[in-house]
Protein chains: 2
Amino acid sequence: MIRTNPKLLTIIDNWLQNRPEEIGHRSFTAGERLVFQDEQIRFVYIMQSGLAKCFITEENGRDYILEFFGEGEIMGELELITGKGSLSNVAAITDLTTFRVRAAFFTAELAGNRELAQLIMEQLAIRLEQTAMRASYQQIYPLEYNLLKLLYLSSEQELQLSKRDIADYLAISIRSLNRALKELRNRNIINPDSYNAIISREQLAQVLQEFDRLI
Amino acid sequence: MIRTNPKLLTIIDNWLQNRPEEIGHRSFTAGERLVFQDEQIRFVYIMQSGLAKCFITEENGRDYILEFFGEGEIMGELELITGKGSLSNVAAITDLTTFRVRAAFFTAELAGNRELAQLIMEQLAIRLEQTAMRASYQQIYPLEYNLLKLLYLSSEQELQLSKRDIADYLAISIRSLNRALKELRNRNIINPDSYNAIISREQLAQVLQEFDRLI
DNA sequence: ACCGGCGCGGGACATTTGTCCTGCCACCAG
DNA sequence: CTGGTGGCAGGACAAATGTCCCGCGCCGGT
């Protein structure tokens, strides 16, 4: 759900010690953009604290959220590897702080630093795996199942998402989201007054399991 | 649409010259499985000729096709990097021939062979990019648009897909696919008698553009 | 105090998609 | 020849989802 990457932070630590001049710090306020779709990447950002969303804006104006970034997550690396403009936007959901690394330095490190290369390779593999799995089940299972899954995952972490973000993550309209939430409220699976307060994680886990069995 | 990776074949050539004992050959007949979801990977296969599909089978029995593999495409590398069982199945669509490499050898090469590591990293990046883009537009745009796009792309290559495969790629039922095809036939966008013979590529390109404009 | 904007909630209706089922036809094995 | 299987086509109905719209309440600025 929210991805994090602690190992990358240790590499940043190394850089801070040995190449402090290469590591910038940059804060963003909630709502601010860090990365703009289609633009060339000039800096790689690594999340130090806070929460961001990574999303693609389609030509009809709708957004699709690919992932949420937490501590240690990196953005821009994919684009430096493919050499293209940015695949997606990244926007701060909460206020956040980041480490900032020049593209040229990062690219050079990627070529020379075995540990970093290994880490980024694993990172890409994990993202690909998770993106593929989500593309599959999100399209194949009914909305209600995906929503429950999302609520379950987001209840594990603090995470207070707006309806807009939930809808964009699930690739549905807000109206459909409201319908599904109402249905869950009627069945006492989620709290009547706040849509992301789940009545009990145990109950939710059970509902998910029943789904798995039925399907 | 169908991915290929010519560069990887040159690395295979190198291996064939210098480490011929490490490179096996294996043929598969149409329909045969090369890779089984959730199973541990023991060999990496690289496509030499033919066409294969890579797909996830969900617990309800429905398949989602992630990509089609053509010449030079590799399978199993992601799993060797993450160390998990296979993300997906791979099945031969046509008869095909492959190069086969032991997992241990491939992993060792990945650690020691800079050129290979670079290539695999690019490969992962491209797959991630394309998977993410498809997840986004396939969920956000209407079926008809996605179908047209698929027909357009598949007309660029030879590629004669079964209805089952088209439906699994678009994550829809065959019934919905039939409806959409009928609609396109009525509008003289595709050939009345064979569903993947497009009347004219120019016309199709134009329809797609109109879509883009409307949206 | 008041207005405007914005997020939430949901009614009404149209459209899209899935499910179930039936028929047709080609092909293959017995 | 014949029965079985599998792919193609589509009718009928149900369920899911989108679009458009209105109303409510909160909050910040003037």
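Just so it is clear, none of the values below were taken in a lab; they were calculated from the coordinates. Just so you know, these numbers come straight off a predicted model, no measurement behind them. Reconstructed Cβ throughout: ideal geometry from the backbone, glycine too, with neighbour counts over all protein chains shown.
Details
- Inter-chain Cβ neighbour average for residues A:117-125, partner chain, 10 Å: 6
- For segment B:1-157, alpha-carbon Rg over 2.2 N^0.38 Å: 1.06
- Amide H partners (placed H, <5 Å) of A:Glu67, local residues excluded: A:Cys54
- Shortest-first distances to equivalent copies, position A:Asn113, nm, label 7 Å out along Cβ: 2.7
- A label point on A:Thr29, set 7 Å along the Cα-to-Cβ line, lies at 6.9 nm from each of its counterparts in the other copies, closest listed first.
- Equivalent ellipsoid, segment A:90-155 (semi-axes from 5 times Cα gyration tensor eigenvalues, Å): 33, 18, 9
- When you filter the trypsin sites (Lys or Arg not before Pro) in segment B:1-104 for DSSP loop state and at most 15 other Cβ atoms inside 10 Å of their Cβ, you are left with B:Arg42, B:Lys84.
- With a 10 Å cut-off around each Cβ of B:7-14, the average count of Cβ atoms from other chains is 0.
- For residues of A:49-58, the mean tally of beta carbons on other chains within 10 Å: 2
- Taking label positions 7 Å along the Cα-Cβ direction at both A:Met133 and A:Arg187, the computed distance is 2.3 nm, reported to one decimal.
- Between A:Asp38 and A:Thr10, the simple label model (points 7 Å from Cα in the Cβ direction) yields a spacing of 4.1 nm.
- To the nearest ten degrees, helix B:114-140 and the longest principal axis of the Cα atoms of chain B are 20 degrees apart.
- Shown in residue order for segment A:98-113 are the 3J(HN,Hα) couplings computed by the Karplus curve 6.51 cos²θ - 1.76 cosθ + 1.60 at θ = phi - 60°: 9, 9, 10, 10, 4, 4, 4, 5, 4, 4, 5, 4, 4, 7, x, 9 Hz (x for Gly and Pro).
- All distinct Cα pairs of the protein assembly as shown go into the 1/r average, and the inverse of that average, the Kirkwood radius, is 23.4 Å.
- Mean separation of Cα pairs under 8 Å and 6 or more residues apart, divided by the residue count, gives segment A:2-137 a relative contact order of 33 percent.
- Figure legend: label point modelled 7 angstrom from the Cα of A:Glu21 along Cα→Cβ; residues of segment A:103-146 with amide N under 15 Å from it are A:105.
- For segment B:94-133 and segment A:99-140, distance of Cα centres in Å: 14
- Rounded to the nearest 10 degrees, the inclination of helix B:201-214 to the longest alpha-carbon principal axis of chain B is 80 degrees.
- Most fluctuating residue given options A:Ala92, A:Ala52, A:Ala171, as computed from a GNM of chain A linking Cα atoms under 10 Å: A:Ala171
- Rounded to 10°, Cα long-axis angle of helix A:6-18 versus longest principal axis of chain A: 20
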